[in-house]
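What follows is a set of notes on a single structure, which appears directly below.
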Number of protein chains: 2
Amino acid sequence: MKSKLLLSLLALTLAGSALAQVKVEDAIKWRQSGYAVMAWNMGKLKGMLVENPASFNKDQAVIAANTIAALANSGMGGLYVPGSDKGKGWVDTRVKPELFTDGEGVKKVALAFNKEANELAKVAATGDAAALKVQFGKVGETCKGCHDKFRKDDK
Amino acid sequence: MKSKLLLSLLALTLAGSALAQVKVEDAIKWRQSGYAVMAWNMGKLKGMLVENPASFNKDQAVIAANTIAALANSGMGGLYVPGSDKGKGWVDTRVKPELFTDGEGVKKVALAFNKEANELAKVAATGDAAALKVQFGKVGETCKGCHDKFRKDDK
């Protein structure tokens, strides 16, 4: 099952040989960092789309959406290296062991997130705040979909 | 001086009103995360351009370069909020107090990094590994330029 998962992740990330040398601690730290950067930018969008629509700014929305899409396309799946089901990056990983065995489930949530994140960037570029709010919600659902399934102790 | 620095940062980041609500701890965590994601992707490029040129892969190079450029364009300057000269994100910040007083110096290193990081993405898109290696070096110099000036205890 591990090799099947790896193939799924490779299909998403084109991880290649360089990733074989990634240390577990670094892998966990980098994925925690990637998610934190996404949270920062989702927070920016939430601020201008949900909490305070008067603060909507197209340029800022585009920057936030592009950052999220770039992270979605960055090959973070390749950071789930063997042995990184436990361990500490910045802090202890909260990944569930299922992520390393449920290849099909991982592929499903990863593809969903990738699709909606890239769509987010496209919608942001139009400057249509109402459409972006809808798409922001869709991205949030894909975040939640993965957290519910593959993250422990969701806050 | 602080307001001057803030203006410089705003010019780079178009931070806007939403950022006024960023907590110091979050701001530090998010900027540490952004730099970690950049380090991950600089490491990928180093692997395929310097350490093991036989592993060069254009698609991977483009992904890494685009991720670095996206972070460079993400408005991280806006995360140097007042009060974040000290404090803990994932770990204690290593920022030097000078970053909050030397507006011109900050602008210089920030613009240099932004320019070279965006050029990195352009060069990666050409698939020219030799040219990308040169540009990778230029980006690295701008990273170092900021670290030397504004980061404590550089490792």
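The values are calculated or read from the model by the stated rules, or taken from the named source; none is laboratory data. Everything numeric in this text was worked out from a predicted model, so none of it was measured. As a convention, Cβ positions derive from the backbone with ideal geometry for all residues, glycine included, and neighbour counts pool all protein chains shown. Ligands, DNA and RNA are stripped out before the accessible areas are found, and what is left, the full protein with its side chains, is counted by its heavy atoms. Shrake-Rupley method; radii C 1.70, N 1.55, O 1.52, S 1.80 Å.
The table for this structure:
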{"read-out": "Single unsatisfied condition, B:V50 versus (1) within 30 Å of A:D59 (Cβ to Cβ); (2) more than 7 Å from chain A (Cβ to nearest Cβ)", "value": "(1)"}
{"read-out": "Failed item, numbered, when B:Y80 is tested on (1) at pLDDT 95 or above; (2) under 23 Å from B:K115 (Cβ atoms); (3) more than 16 Å from the chain's Cα centre (by Cα)", "value": "(3)"}
{"read-out": "When residues of the range A:75-104 are limited to those that are of a type in the set (G, A, S) and surrounded by 17 or more Cβ atoms within 10 Å (Cβ to Cβ), the one farthest from B:W30 (Cα to Cα)", "value": "A:G103"}
{"read-out": "Failed criterion for B:Y35 (all others in (1) at pLDDT below 95; (2) closer than 18 Å to B:K107 by Cα hold)", "value": "(1)"}
{"read-out": "Residues within the range A:55-67 that are at the interface with chain B (Cβ under 9 Å from one of its Cβ atoms) and part of a helix (DSSP H, G or I), tallied", "value": "7"}
{"read-out": "Filter result (over 16 Å from A:M38 (Cβ atoms) and assigned to a helix (DSSP H, G or I)) within the range A:109-131", "value": "A:L111, A:K122, A:V123, A:A125, A:T126, A:A129, A:A130, A:A131"}
{"read-out": "Filter pass, B:N41 being within 13 Å of chain A (Cβ to nearest Cβ), within 26 Å of A:I68 (Cα to Cα) and open to solvent by 30 Å² or more (accessible area, probe 1.4 Å)", "value": "no"}
{"read-out": "Evaluation of B:A18 against (1) more than 9 Å from every other protein chain (Cβ to nearest Cβ); (2) modelled with pLDDT under 95; (3) open to solvent by less than 40 Å² (accessible area, probe 1.4 Å) (one fails), failing number", "value": "(1)"}
{"read-out": "Leading residue by the ranking (farthest from B:V106 (Cα to Cα)) among those in the range B:123-148 that are under 14 Å from the mean Cα position of the chain (by Cα) and open to solvent by 70 Å² or more (accessible area, probe 1.4 Å)", "value": "B:K138"}
{"read-out": "Residue list for the range B:68-97, filter: free of Cβ contacts under 8 Å to residues at least 24 places away in the same chain and assigned to a helix (DSSP H, G or I)", "value": "B:A70, B:P97"}
{"read-out": "Answer residue from the range A:59-74, given it is open to solvent by 10 Å² or more (accessible area, probe 1.4 Å) and within 17 Å of B:D59 (Cβ to Cβ) and is nearest to the chain's Cα centre (by Cα) among those", "value": "A:A72"}
{"read-out": "Test result for B:F113, of a type in the set (F, W, Y) and under 17 Å from B:N41 (Cβ atoms)", "value": "yes"}
